[in-house]
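Contents: one structure, followed by commentary.
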Amino acid sequence: MSSPSKAKGNRFERLVVKLAKKAGFTAERAYGSNGKSLGEAEDVDCLVGGFKIQCKTRKHIANWIKVPESCDATAVKENRGDIFVVMRYDDWLDLLKLIGEE
């Protein structure tokens with residue numbers, strides 16, 4: 001039997017794929033959360049519309065990283081590091097539809 005946190009991660013990966021398929025995208029979950037089963041790097045948990053996704057679920061996400069209702073995305077950056085964009089998954093799927101990535 002897998003650990004509760006592993007089971008929670010698996011459920012989240014399945015949800016990511018389910019929502020993508022519902023939105024009309026091709027989506028696939030890596031067997032055993034190992035991207036090698038999809039011919040990708042080990043870190044890849046899912047493929048959504050050609051994008052490689054790593055899924056993380058936590059009991060709490062820091063408030064500063066959450067996207068405010070009045071915004072579309074939050075940009076975060078580490079000192080001398082890359083910039084990352086955090087956005088709601090549904091909004092991201094809508095953006096993919098808008099640019100024609102299916």
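Quick check on the stretch 24-37. Is at least one of its residues of a type in the set (D, E, K, R) and touching a Lys or Arg at 6+ places or on another chain (Cβ under 9 Å)?
yes
Can you run down the residue pairs with Cβ atoms below 6 Å, 6 or more apart or on separate chains, where the first is in the stretch 30-50 and touching a residue at least 12 places away in the same chain (Cβ under 8 Å) and more than 16 Å from K8 (Cα to Cα) and the partner is among the hydrophobic types (A, V, I, L, M, F, W, C) and open to solvent by 50 Å² or more (accessible area, probe 1.4 Å)?
Once the first residue is touching a residue at least 12 places away in the same chain (Cβ under 8 Å) and more than 16 Å from K8 (Cα to Cα) and sits in the stretch 30-50, its partners that are among the hydrophobic types (A, V, I, L, M, F, W, C) and open to solvent by 50 Å² or more (accessible area, probe 1.4 Å) give G35/A41.
Suppose we filter the stretch 14-40 for residues that are assigned to a loop (DSSP other than H, G, I, E, B) and under 14 Å from D90 (Cα atoms); how many remain? Give the derivation first.
Filtering the stretch 14-40 for residues assigned to a loop (DSSP other than H, G, I, E, B) gives 23-26, 30, 34, 39-40.
Checking which are under 14 Å from D90 (Cα atoms) leaves us with 23-25.
Summing the residues that are assigned to a loop (DSSP other than H, G, I, E, B) and under 14 Å from D90 (Cα atoms) in the stretch 14-40 gives 3.
Those residues that are open to solvent by less than 80 Å² (accessible area, probe 1.4 Å), touching a strand residue (DSSP E or B) at 6+ places or on another chain (Cβ under 8 Å) and within 19 Å of I99 (Cβ to Cβ), I need them from the stretch 20-36; list them, please.
Residues satisfying the conditions are A20, F25, A27.
Pairs under 7 Å by beta carbon, first residue closer than 18 Å to L95 by Cβ in the stretch 64-83, partner open to solvent by less than 60 Å² (accessible area, probe 1.4 Å) and part of a loop (DSSP other than H, G, I, E, B), six or more apart or different chains?
Taking only residues 6 or more apart or on different chains, the pairs are A73/V67; T74/V67.
Is there a residue being out of contact with any Asp or Glu (no Cβ under 8 Å at 6 or more places or on another chain), at pLDDT 95 or above and assigned to a helix (DSSP H, G or I) anywhere in the stretch 41-61?
No, the stretch 41-61 contains no residue that is out of contact with any Asp or Glu (no Cβ under 8 Å at 6 or more places or on another chain), at pLDDT 95 or above and assigned to a helix (DSSP H, G or I).
The values are calculated or read from the model by the stated rules, or taken from the named source; none is laboratory data. The structure displayed is predicted, hence computed values, not measured ones. Cβ: placed from backbone, ideal geometry, glycine included. Neighbour counts: every protein chain shown. With ligands, DNA and RNA removed, areas are computed over all heavy atoms of the protein, side chains included. Shrake-Rupley method; radii C 1.70, N 1.55, O 1.52, S 1.80 Å.
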